[in-house]
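Reviewing the structure listed below.
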Amino acid sequence: MSSCHGIILTGWSIASICGGLAFTSSINAHIKHGGKPYDTHIYFVNFMWMLALVILGFFCCLFVRSSIRDRLFPALPGQIIRMRVFGRVFRVLRTYDTGHSASGECASSGTEKSNMCCLRFGKSCRHLHFEYLDKEEEQAAWEEYLMLRAVQSRLMHN
């Protein structure tokens, strides 16, 4: 069993106790303020907050790096976020550009793609670059990382 298994069991235990207490206290408050225990409104309210927590948990799971490759995959300078979407690595990078065209727009580097967004703050232009890595690009970056780690390991042992 992995260490993640213990975290999952602990989370389920806390959620079952806290969720049960919150559910019961909201029904008790409803009854205390003149509601009937068989009113459907209070159950609908309880269902909505539980559904919101389930959706929040689902989105949090998207950011969990579950494999060794995802955990150790090297970050690029200016990388904001990296996650796996449908088996491919999705990255958001931040780059800066101080040049502007005559119209006040950010200057194009000539290699600007459609997946770049320019946000202008003051005299600098912040580019947000969105990219999906192909399997070949991901494999090349992973092999480069492994080779770098092997060289670092040899240098440390010598």
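The values are calculated or read from the model by the stated rules, or taken from the named source; none is laboratory data. Since the structure is predicted, the reported quantities are computational estimates derived from the model, not experimental observations. Here the Cβ positions follow ideal geometry from the backbone for every residue, glycine too, while neighbour counts run over all protein chains shown. Surface accessibility is based on the protein's heavy atoms, side chains included, excluding ligands, DNA and RNA. Shrake-Rupley method; radii C 1.70, N 1.55, O 1.52, S 1.80 Å.
May I ask you to evaluate 6.51 cos²θ - 1.76 cosθ + 1.60, the Karplus curve with θ = phi - 60°, for each residue of region 46-58 and list the ³J(HN,Hα) values in order in whole Hz, giving x for glycine and proline?
4, 4, 5, 6, 5, 5, 4, 5, 5, 5, 4, x, 4
Given a 1.4 Å probe and the protein chains all in place, what does the accessible area of Met147 round to, in Å² to the nearest 10?
The value for Met147 is about 120 Å².
Applying 1/(1 + (r/R0)^6) with R0 = 35 Å to the Cβ-Cβ distance of Tyr145 and Cys61, what FRET efficiency is obtained, to the nearest 0.05?
Approximately 0.90, to the nearest 0.05.
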